[in-house]
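**Q** Sharing a structure below in structure tokens format, with a few things to ask.
The values are calculated or read from the model by the stated rules, or taken from the named source; none is laboratory data. Keep in mind that what you see is a predicted model, and the values were worked out from it rather than measured. As a convention, Cβ positions derive from the backbone with ideal geometry for all residues, glycine included, and neighbour counts pool all protein chains shown.
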Amino acid sequence: MDEIQSRFVSLLQPKGIVLSERQLEQFELYYNILTDWNERMNLTGITEREQVYVKHFYDSLSVSFFVAMDKVERLADIGSGAGFPGIPLKIVFPYLQLTIVDSLNKRIQFLKHLCDALELTNVRCIHGRAEEIARQEEHRDRYSLVTARAVARLAVLNELCLPFAAPGGTFAAMKGSEVQEELAEAGYSLKELKGEWMDTHRFQLPLEDSLRHMVLIRKTAPTPGKYPRKPGMLLKSPLVKSSL
Ligand code: SAM
């Protein structure tokens, strides 16, 4: 184990995460494949090794600091891009049944290759728009946890993500330093999509100490039939009171 890995291990230990040698190997392989493919396609702007470990891997795992992962069986990661937060969570909690949805096929091809190389089982990487995939019975109202990082503002994200969550399940929206304004405008979309705001956790990302927010929303009932609306509608006419 080198210095960067050893710092990663010590950052996770107080959070109750103890990594095996195999898991450390998987993270290192992830880093190598990510930076290799990144030379041919746009996956991430962050390529320096320790930055990837902290800003991508640790940040992804922060979901587990606030959500009881032992209660989660089915996880849907919406707009996963290069696999964040879904893949780091799957490495650390290998029993998860993970579904990844992304509208960019190149990224889905990358993720399929990555899952093979890391020997991850029970992962489905689906190419498609979340608002269309959520119309399929096998995905609608079916997941105990839904995650999204850096995909859209909360009022739009609620319509993209909450339809995947089972009643009683959780949607964890990973946000940066500013969240108050988004939360304030998200009330109407929450009501329409059967979401109940539970908590907003504020925390610092180690090393550079940048601020993050984890917004936790509980799904209270099945998704109403009219949602999600057709692609295009969500962005053109987000579910905020002033746009109605
Ligand atoms: N979650 C990753 C992360 O934090 O690094 C990727 C963030 S990237 C800025 C946003 C991703 O969301 C892109 O890969 C994009 O293709 C995907 N995306 C945007 N709108 C989507 C939609 N309606 N359905 C599925 N994927 C979508």
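**Q** Do the conditions hold for residue 176, that is, is it surrounded by fewer than 24 Cβ atoms within 10 Å (Cβ to Cβ), within 13 Å of the ligand (Cβ to nearest atom) and of a type outside the set (A, V, I, L, M)? I'd like the intermediate steps shown before the answer.
**A** Working: surrounded by fewer than 24 Cβ atoms within 10 Å (Cβ to Cβ): yes; within 13 Å of the ligand (Cβ to nearest atom): yes; of a type outside the set (A, V, I, L, M): yes.
So residue 176 passes the test.
**Q** Continuing with this model, one more query. Could you tell me whether the stretch 49-56 includes any residue that is aromatic (Phe, Trp, Tyr), within 16 Å of the ligand (Cβ to nearest atom), over 14 Å from the mean Cα position of the chain (by Cα) and crowded, with 17+ Cβ neighbours inside 10 Å?
**A** Applying the first criterion (aromatic (Phe, Trp, Tyr)) to the stretch 49-56 yields 53.
Imposing the further condition that a residue be within 16 Å of the ligand (Cβ to nearest atom) reduces the set to 53.
Retained after the next criterion (residues that are over 14 Å from the mean Cα position of the chain (by Cα)): 53.
Then drop every residue that is not crowded, with 17+ Cβ neighbours inside 10 Å, which leaves 53.
Yes, the stretch 49-56 contains a residue that is aromatic (Phe, Trp, Tyr), within 16 Å of the ligand (Cβ to nearest atom), over 14 Å from the mean Cα position of the chain (by Cα) and crowded, with 17+ Cβ neighbours inside 10 Å.
**Q** Give the residues of the stretch 82-100 that are of a type in the set (A, V, I, L, M, F, W, C), within 14 Å of the ligand (Cβ to nearest atom) and in contact with a Leu (Cβ under 9 Å, 6 or more places away or on another chain), sorted by residue number.
**A** We begin by selecting, within the stretch 82-100, every residue of a type in the set (A, V, I, L, M, F, W, C); these are 82, 84, 87, 89, 91-93, 96, 98, 100.
Retained after the next criterion (residues that are within 14 Å of the ligand (Cβ to nearest atom)): 82, 84, 87, 89, 98, 100.
Result: 82, 87, 89, 98, 100.
**Q** Related question: Regarding residue 61, is this residue surrounded by 13 or more Cβ atoms within 10 Å (Cβ to Cβ), modelled with pLDDT of 95 or more, in contact with a Leu (Cβ under 8 Å, 6 or more places away or on another chain) and not aromatic (Phe, Trp, Tyr)? Let's see the steps before the verdict.
**A** Details: surrounded by 13 or more Cβ atoms within 10 Å (Cβ to Cβ): yes; modelled with pLDDT of 95 or more: yes; in contact with a Leu (Cβ under 8 Å, 6 or more places away or on another chain): yes; not aromatic (Phe, Trp, Tyr): yes.
So residue 61 passes the test.
**Q** Test residue 121 against the stated conditions and say whether it is more than 8 Å from the ligand (Cβ to nearest atom), under 26 Å from residue 41 (Cα atoms) and hydroxyl-bearing (Ser, Thr, Tyr). Show your work before the answer.
**A** Working: more than 8 Å from the ligand (Cβ to nearest atom): yes; under 26 Å from residue 41 (Cα atoms): yes; hydroxyl-bearing (Ser, Thr, Tyr): yes.
The answer is yes for residue 121.
**Q** Still on this structure, please answer the following. State which residue is surrounded by the most Cβ atoms within 10 Å (Cβ to Cβ) when the search covers only the stretch 179-198 and only residues that are under 23 Å from residue 62 (Cα atoms) and within 16 Å of the ligand (Cβ to nearest atom).
**A** Of everything passing the filter in the stretch 179-198, 179 is surrounded by the most Cβ atoms within 10 Å (Cβ to Cβ).
**Q** Working only within the stretch 153-171, note down all residues that are surrounded by fewer than 24 Cβ atoms within 10 Å (Cβ to Cβ) and touching a Cys at 6+ places or on another chain (Cβ under 9 Å).
**A** Scanning the stretch 153-171 gives no hits.
**Q** Any idea which of 128, 79 is touching a residue at least 12 places away in the same chain (Cβ under 8 Å), surrounded by 19 or more Cβ atoms within 10 Å (Cβ to Cβ) and near the ligand (Cβ under 9 Å from one of its atoms)?
**A** Working: 128 fails: surrounded by 19 or more Cβ atoms within 10 Å (Cβ to Cβ).
Answer to the check: 79.
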